[in-house]
1. Going from most exposed to least, what order do 79, 262 have by accessible area with a 1.4 Å probe?
2. Using the alpha-carbon centroid of each, what span in Å lies between region 239-254 and region 21-57?
3. Going down the table (15/98; 217/461; 64/422; 218/506), which pairs top 27 Å between alpha carbons?
4. Around residue 482, with a cut-off of 10 angstrom between Cβ atoms, what is the net charge of the other residues, counting Lys and Arg +1 and Asp and Glu -1?
5. To the nearest 20 debye, what is the magnitude of the charge dipole of region 257-382 about its Cα centre, counting +1 on the Cβ of each Lys and Arg and -1 on the Cβ of each Asp and Glu?
6. Using only DSSP helix segments of four residues or longer, with each worth -39500 (n - 2.57), what per-residue ellipticity at 222 nm results for the chain after dividing by its residue count and rounding to 500?
7. Roughly to the nearest percent, how much of the accessible area of region 148-205 is carbon and sulfur, given a 1.4 Å probe?
8. Which value, in Å² rounded to 10, gives the accessible area of residue 102 with a 1.4 Å probe and all protein chains present?
Amino acid sequence: MSTQTIASPIKNLQKIGLKKIKPLHYQLHPEELIQDTLRLNQGVLNDTGALVINTGEFTGRSPKDKFIVADETMAGTIHWNEFNIPIEPKYFDKIFNKVTEYINSLPEIWVRDCFANADPRFRLNIRIVNEKPSNNLFAYNMFLRPTDEELENFDPEWYILSVPGLKLNPKECGTRNQNAAVVSFKHKMILIAGTGYTGEIKKGIFTILNYLLPIEKKVLSMHCSANMGKKGDTAIFFGLSGTGKTTLSADPGRKLIGDDEHGWTDDNIFNFEGGCYAKTINLTEEKEPIIYNAIRPGALVENVTFYPGTNKINFEDASITENTRVSYPLHFICNALEPSIGNLPKNIFFLTCDAFGVLPPISKLTPGQAMYQFISGYTAKVAGTESDVIEPKPTFSACFGAPFLPLHPGKYAQMLGFKMQKHNVNVWMVNTGWTGGPYGVGSRMKLKYTRAMITAVLEGKLNNAEFETDPVFNVAIPKQCPDVPSEVLNPENTWVDKKAYNDKAKYLAGLFKKNFEKYADQVSAEVLEAAPNA
Ligand code: ATP
Ligand code: MN
């Protein structure tokens, strides 16, 4: 790197209060970040050369410890709720001072310039300062990587300061715990303290984009994956965590646009990110070859264990966490679209992992049903308890992404509704969860079948299919689908106990209705009529 480009980060960092800049590792290559991680004993290599780290106390995001500074301008625009938690400006100042003081005391730091938003019209320049080299590698993998020329005149707009080792004093800092992620739109800064979970970094930027793009650029921001077929047909996949966005968008027959965060403009779909962040629990080469083969030098694997006495990852082991992950840059997969900008979508999939086993594995939605489902944002996880009773835990998360949406869900829903209509998009609901009964009785839908259903849609093979209406959710279920046994298509057929099926379906319908009450006075009659029959 030329001295000119090194001078720029130092000058800018001094501007934000970082003075004692001793070894400052600027814009290191992945190999160097890997070497630094190994030198500091903060990670090891697995047998395929990927860097394996442990993120420490936190192995997932901590939504209750994420704050948005409620200053004069933001107080009235943010939709304050359990995910958008206000913090007073005086506490931001306090935490900022703590963070910069802490960074100034560190023996070395890693700084990286990168950007978000593949569409150059919306590019957002980011500078990240890390306590840990592995977290800097995460930023390299996940954000867009500027070229040397782009770095020459790089002007950072947003800053992320990430210090997992700094524990905050909640009383003094106005936080809930010793860890926090604090977003200030006024200072254009995200402070992450007390947690080493890398996902906070990417979802921090996602949160600000979910504010900036719809408000300032009229771009719909979406928690979805996206890919494009050979004929230029784009599909997008919305869904909450664990529903299959990353898994199902990795399709050897289609070009990947991105696996988690996208914008929908008047003329395209673009990726916010430059990498993928895939779950690795139970990963096998046979079922998910694209992700499996991305685990190589440069990939960063989190919170997995090795088979004893080896450096071979045991993907089945959830002893550290169920949320084991790997991040890798988009170019690690052979079929990534470069740049990650695709055509306007032809098909939208709403992915849900229904652990009650009552939603059909694939169904076609009317425009009203599509809006109803988007606003509902349903999935159900399996929540184990200490007793033997294991009940699925339903989640309704508006727009399939409530934890990351600073604006009222109505804003995103309105934009989606308008775009869906304008571009005449087909909308499908895909249950990647249970079939043949609820969790404990039935089993998860085979990935092979879910992939076949999606392929059938994308190849137009369901265009002339015969449909039947789901008796409870009123959605259209195809009677046949290539490469899928017909008996799995209608959930009722897969349950031995028909009464139990009906009770469970009605029960879930009731949950939908209850959840929707708070939106009822803000939507059209068409959307309200799309409610299931409880
Ligand atoms: P996040 O927002 O947290 O990144 P995601 O929507 O990207 O979540 P995935 O990483 O794709 O979720 O996780 C889906 C998980 O479910 C994977 O581990 C996948 O192997 C597993 N799975 C099992 N059966 C299916 C199925 N029928 N369809 C999709 N995924 C399945
Ligand atoms: Mn994902």
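The values are calculated or read from the model by the stated rules, or taken from the named source; none is laboratory data. Values in this document were obtained by computation on a predicted structure and should not be read as measured data. Glycine gets a Cβ as well: all are built from the backbone with ideal geometry, and neighbour counts include every protein chain shown. Protein only, heavy atoms only, side chains kept; ligands, DNA and RNA dropped before computing areas. Shrake-Rupley method; radii C 1.70, N 1.55, O 1.52, S 1.80 Å.
1. Result, largest first: 79, 262.
2. 28
3. 217/461; 64/422; 218/506
4. -1
5. 220
6. The helix-only estimate for the chain comes to -8000 deg cm²/dmol at 222 nm.
7. Reported share for carbon and sulfur atoms: 42 percent.
8. Looks like 50 Å² after rounding.
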